[in-house]
Structure formats: C-alpha cells, structure tokens
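Data first, discussion second: the structure below is written as structure tokens.
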Amino acid sequence: MPALNRVQLIGYLGKDPETRYTPTGKKVTHFSLAVTQRWKSGGETKEYTEWVTIEAWGRLGEICDQYLKKGSLVYVEGRLKTDKYEDKGETRYFTKVVALMLQMLDRKPTEEPVLTVEEEAAEYEA
C-alpha cells in the first residue's frame with residue numbers, strides 16, 4: 001500500500017540554528033520554526049503559534065547554519081520523524097521535521113532572488 005510522509009511549512013525561526021556532529025562525524029543542524037495561524041472570531045482576530053523542531057543534514061544543514069538566523073522567514077519541506085528517549089525511567093516521544101528542501105523567503109534590501117536548496121533524502125541517520 002502506498003504511503004506519503006510530507007510536510008510543508010512557512011514560518012519564522014525562533015532562535016539561531018545549532019549545528020552538531022553525530023558520533024560517526026555527520027553534521028546535523030537543528031532550529032525551531034514558529035508557524036502562526038490567524039483567524040477571526042466574533043470580529044476579533046485570534047492567533048495560535050505552533051512550534052516545530054526542524055532537523056537538516058549534510059549540505060542543507062550547513063546552508064541553514066550559515067545563512068539563517070533568529071527571525072528568518074523560510075519555507076521548509078520535509079518528512080515527519082518521531083524519536084524516543086528515556087527520562088527518569090519513563091519513555092518520552094517527540095516529533096520533528098527532517099528537512100529535505102528549504103527556501104529562504106526573506107528579501108534583502110537589494111531584492112536579490114530567493115535561494116532554494118534541496119537535499120538528497122539519504123544523508124541523514126535514523
């Protein structure tokens with residue numbers, strides 16, 4: 001049976017990207033993305049912000065680390081991945097988005113074209 005695991009998000013970075021290395025030496029970059037939904041209810045504008053953890057591997061991660069900063073507006077396309085860890089004897093789960101493509105949406109004062117970067121799907125670790 002076919003399956004689809006695809007996420008598309010547009011949002012602002014909540015903090016500067018952080019880059020680390022795995023025990024095998026692969027580079028991975030993490031950042032949080034604020035995706036805000038706005039709607040009107042009874043003439044009043046309301047909003048809700050969802051915070052999503054983004055993980056970028058390899059060259060895509062390097063580009064995120066080099067060019068993105070807190071407040072950057074980006075479009076991210078990727079897949080959901082749920083990891084687990086032990087905390088005080090209890091198993092906890094968290095879901096993140098593994099970025100496969102990123103487009104910077106911030107415009108520079110000179111109105112340079114936006115930069116789109118796509119990553120090969122196999123450069124991450126499970």
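Here the range 7-118 was treated as a single set of alpha-carbon atoms; its pair distances binned every 10 Å from 0 give 13, 40, 29, 14, 4, 0 percent. When the range 7-118 is described by a simple charge dipole with +1 on each Lys and Arg Cβ and -1 on each Asp and Glu Cβ, the residue from G61, T22, T91 located farthest towards its positive end is T91.
Values quoted throughout were computed directly from the atomic coordinates according to the rules given, and no laboratory measurement underlies them. Predicted model, so just to flag it, every value in this text is computed and none were measured. Note that each Cβ is placed from the backbone with ideal geometry, even for glycine, and that neighbours are counted across all protein chains shown.
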